[in-house]
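Let me begin by presenting the structure, written as structure tokens, before commenting on it.
The values are calculated or read from the model by the stated rules, or taken from the named source; none is laboratory data. Predicted model, so just to flag it, every value in this text is computed and none were measured. Note that each Cβ is placed from the backbone with ideal geometry, even for glycine, and that neighbours are counted across all protein chains shown. Each accessible area value is taken on the protein alone, full model and side chains, heavy atoms only, with ligands, DNA and RNA left out. Shrake-Rupley method; radii C 1.70, N 1.55, O 1.52, S 1.80 Å.
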Amino acid sequence: MQLYIRWKFLLNLLNHLPSMSPLDKQWPPAKPLFHDINTELRKMHHRWRCCKYRSKFDQASRSRMREKVAASNIFKGRKEGYSHSIAHPFRGDYVRLRANYKWKKAFKDSPDNYVVFADMILKINRSSGKNTANLLVMSTNALLLMDQRMMSIKYRIPVTDITRMSLSPYRDQIAVFHAKESEATKKKGDFIIESNHVIEIVAKMFLLIINANGKPPEMVIASEFQANLNAVMVNMVFRLEDTFPELPVGVIKVTRKGNRMEFLV
């Protein structure tokens, strides 16, 4: 009789298994006698179908999935505008840098030849708050600020030197990269950018730092934090534009006075 009951339980389970989608949360119920084993079988089945799902992707697709998961862990519920980035795939190279003849010639034997991300961004001047357009390139080893026309490096921060990344909780697209003191950063200090792909940039850099250092960088998402600008500790303050109706929608006003840099967003 017990064998028959077990057989009926397993047969019912076999005939009512959920789909192969890892998002499908359905699972056939069981009598109290089989509650524990039913729970364990559900966990085993879910792990198995997740493994089958992942096996369908190549290495590039898996890397993109890791980046999306990292972005979710960093920004979900903490950064306005993050939800709008979910449906957009992370493309990495937005300017076809990998196919650029000057890039391939100049960086053929360089440790920075593998491009993780490339796009035009706005670099925020540390002294005045004014912005200038530059090519931002992220390799597996460093963050590079470049002259797009000459393909020359203006500024290079090794991934291993980046200790913290800071952003506001608002819809702006500003990110601050905090670096430990080195030959590249001892005079200029931390690095401020504005980009339409700031979520992607931070997620990719987060994973690069883990790969390089074996641990994640510190992440700060707050309306106020400090940054080292030209060897001076400066308060970075983000304020909403509600109190500044004359500021056009989508425009960020950046000003610096003494040891305070203010962003009206």
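So if I check each of 180, 204, which one is open to solvent by 50 Å² or more (accessible area, probe 1.4 Å) and in contact with a helix residue (DSSP H, G or I) (Cβ under 7 Å, 6 or more places away or on another chain)? Break it down stepwise before answering.
Values: 204 fails: open to solvent by 50 Å² or more (accessible area, probe 1.4 Å).
None of the others qualify; the one that does is 180.
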Completion exercise
The residue that is most open to solvent (accessible area, probe 1.4 Å), considering only those in the stretch 104-144 that are more than 30 Å from residue 262 (Cα to Cα) and among the small types (Gly, Ala, Ser), is 106
Practice task
Among the residues of the stretch 145-172, write down those that are open to solvent by 10 Å² or more (accessible area, probe 1.4 Å), in a strand (DSSP E or B) and closer than 19 Å to residue 199 by Cβ.
Solution key: 164
Fill in the blank from the handout: Within the stretch 83-103, restricting to residues that are of a type in the set (A, V, I, L, M) and open to solvent by less than 80 Å² (accessible area, probe 1.4 Å), the one that is modelled with the highest pLDDT is 95
Fill in the blank from the handout: Within the stretch 21-57, residues being farther than 29 Å from residue 199 by Cβ, aliphatic (A, V, I, L, M) and open to solvent by 90 Å² or more (accessible area, probe 1.4 Å) number 2
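Based on what the data block shows, is residue 103 in contact (Cβ under 8 Å) with a residue 40 or more places away in the chain, more than 22 Å from residue 162 (Cβ to Cβ) and either touching a strand residue (DSSP E or B) at 6+ places or on another chain (Cβ under 9 Å) or not in a loop (DSSP other than H, G, I, E, B) (or both)? Walk me through how you get there before you give the answer.
Details: in contact (Cβ under 8 Å) with a residue 40 or more places away in the chain: yes; more than 22 Å from residue 162 (Cβ to Cβ): yes; either touching a strand residue (DSSP E or B) at 6+ places or on another chain (Cβ under 9 Å) or not in a loop (DSSP other than H, G, I, E, B) (or both): yes.
Against the criterion (in contact (Cβ under 8 Å) with a residue 40 or more places away in the chain, more than 22 Å from residue 162 (Cβ to Cβ) and either touching a strand residue (DSSP E or B) at 6+ places or on another chain (Cβ under 9 Å) or not in a loop (DSSP other than H, G, I, E, B) (or both)), residue 103 qualifies.
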Problem - Single residue of 60, 71 found to be part of a helix (DSSP H, G or I), closer than 22 Å to residue 205 by Cα and open to solvent by less than 20 Å² (accessible area, probe 1.4 Å) - result: 71
Problem - Per-region count, the stretch 122-134, residues assigned to a strand (DSSP E or B) and either within 14 Å of residue 191 (Cβ to Cβ) or touching an Asp or Glu at 6+ places or on another chain (Cβ under 7 Å) (or both) - result: 6
Exercise for the section: Search the stretch 74-100 for residues being of a type in the set (Phe, Trp, Tyr) and not in a helix (DSSP H, G or I), and hand back the single one that is farthest from residue 149 (Cα to Cα). Expected result: 90
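Being open to solvent by less than 50 Å² (accessible area, probe 1.4 Å), under 12 Å from the mean Cα position of the chain (by Cα) and under 17 Å from residue 124 (Cβ atoms) narrows it down to one residue among 227, 175; which is it?
Details: 227 fails: under 12 Å from the mean Cα position of the chain (by Cα).
Checking each option against the conditions leaves just 175.
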